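This report refers to the structure that appears directly beneath it.
The values are calculated or read from the model by the stated rules, or taken from the named source; none is laboratory data. This is a predicted model, so every value here is computed, not measured. FYI the Cβ positions are ideal-geometry reconstructions off the backbone, even for glycines, and counts take in every protein chain you see. Note: accessible area is taken over every heavy atom of the protein model, side chains too, but ligands, DNA and RNA are not part of it. Shrake-Rupley method; radii C 1.70, N 1.55, O 1.52, S 1.80 Å.
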Amino acid sequence: MHEAELRVGEVHGGVLQPGSSGVRERVIAVEEAERRARGRGPSRYPTFEPVLTPAEIAEVEAQFGVALPDEYRTFLAEVGAGGPGAGIRAHVVGRIDGKSGLVWENDEDHPWLLDPSGPFVETEDWADQQIATLCAAGYEPTTRDEDDDYLGGYRKVFGDAGDDDWFLEHGRGAIPISDNGCGMTGWLIIVGPHRGRLRDRDCAVNPPFDANGNRHTFRSWYLEWLEQHERAA
């Protein structure tokens, strides 16, 4: 997998219809064209991870107590549980101790576990959410760090678990679907009023919450990347 390739296996929203739009075939064609342009032969590896069966998708949904957005569900079932895409990489649906789980690629020991306990906290509300959490634990934060907001408070209140608690709450109700480099990440919202929409975050703090100001669903996000990739190839 080259550095511009992304593992897109998880939970995305909308209605992609990959069969009618030929998404899988278009991606394979543009990847092959790019390899030829670089003087490379055919890849030894398949372009996409195998698709998930309906039973496997149902298992993921049952484990995390969510219904996956239709667009992402369709992608998993008809395109693949991972493959090329925007950014550097995203995640694939993998197996952890015999169960389905959303995992960071090559990091099965520390998987990302979807927290469906509440809606995704939008960027403009994130700092207030942190303050509410700390105050509920009996700690009134006084210092907001420029890069990490109230992470220091989480460490004081929750000790060694502070970093994990901060990060999991930061992504509550969503899954990370792309690593865009330099601390920038893309998220697909699974729980709450903006379910099925994507958000971008910069260095896990408070950036604009959609790529380039766009209001993307998984379908529009993936097709925008594909069309740009085709033009470049």
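Do we have residue 162 as under 18 Å from the mean Cα position of the chain (by Cα) and either among the polar types (S, T, N, Q) or open to solvent by less than 60 Å² (accessible area, probe 1.4 Å) (or both) here? Before the answer, list the steps.
Working: under 18 Å from the mean Cα position of the chain (by Cα): no; either among the polar types (S, T, N, Q) or open to solvent by less than 60 Å² (accessible area, probe 1.4 Å) (or both): yes.
No; evaluated as a whole, the condition is false for this residue.
Pull up the stretch 121-149, narrow it to residues that are among the charged types (D, E, K, R) and not in a loop (DSSP other than H, G, I, E, B), then point me to the one that is most open to solvent (accessible area, probe 1.4 Å).
124
With the requirement that a residue be modelled with pLDDT of 85 or more and under 17 Å from the mean Cα position of the chain (by Cα), what does the stretch 98-139 give you?
119, 120
Any chance the stretch 159-168 includes a residue that's of a type in the set (Phe, Trp, Tyr) and in contact with a helix residue (DSSP H, G or I) (Cβ under 6 Å, 6 or more places away or on another chain)?
Our first condition is that a residue be of a type in the set (Phe, Trp, Tyr); within the stretch 159-168, this holds for 166-167.
Next, only the ones that are in contact with a helix residue (DSSP H, G or I) (Cβ under 6 Å, 6 or more places away or on another chain) stay: 166.
Yes, the stretch 159-168 contains at least one residue that is of a type in the set (Phe, Trp, Tyr) and in contact with a helix residue (DSSP H, G or I) (Cβ under 6 Å, 6 or more places away or on another chain).
I'd like to know if the stretch 77-89 contains one or more residues that are modelled with pLDDT of 80 or more and outside any loop (DSSP other than H, G, I, E, B).
yes
Output the residues belonging to the stretch 48-73 that are assigned to a loop (DSSP other than H, G, I, E, B) and under 18 Å from residue 119 (Cα atoms).
65, 66, 67, 68, 69
Mind counting the residues in the stretch 49-66 that are without any contact (Cβ under 8 Å) to a residue 24 or more places away in the chain and open to solvent by less than 60 Å² (accessible area, probe 1.4 Å)?
Of the residues in that region, 3 qualify.
Give the residue, chosen from 22, 9, that is within 29 Å of residue 215 (Cβ to Cβ), modelled with pLDDT under 50 and not charged (D, E, K, R).
Of 22, 9, the one residue that is within 29 Å of residue 215 (Cβ to Cβ), modelled with pLDDT under 50 and not charged (D, E, K, R) is 9.
Output the residues belonging to the stretch 177-199 that are open to solvent by 30 Å² or more (accessible area, probe 1.4 Å) and more than 20 Å from residue 68 (Cα to Cα).
Scanning the stretch 177-199 gives 179, 180, 182, 183, 184.
Looking at the stretch 206-220, which of the residues that are modelled with pLDDT of 85 or more and open to solvent by less than 60 Å² (accessible area, probe 1.4 Å) is nearest to the chain's Cα centre (by Cα)?
Checking each candidate, the answer is 218.
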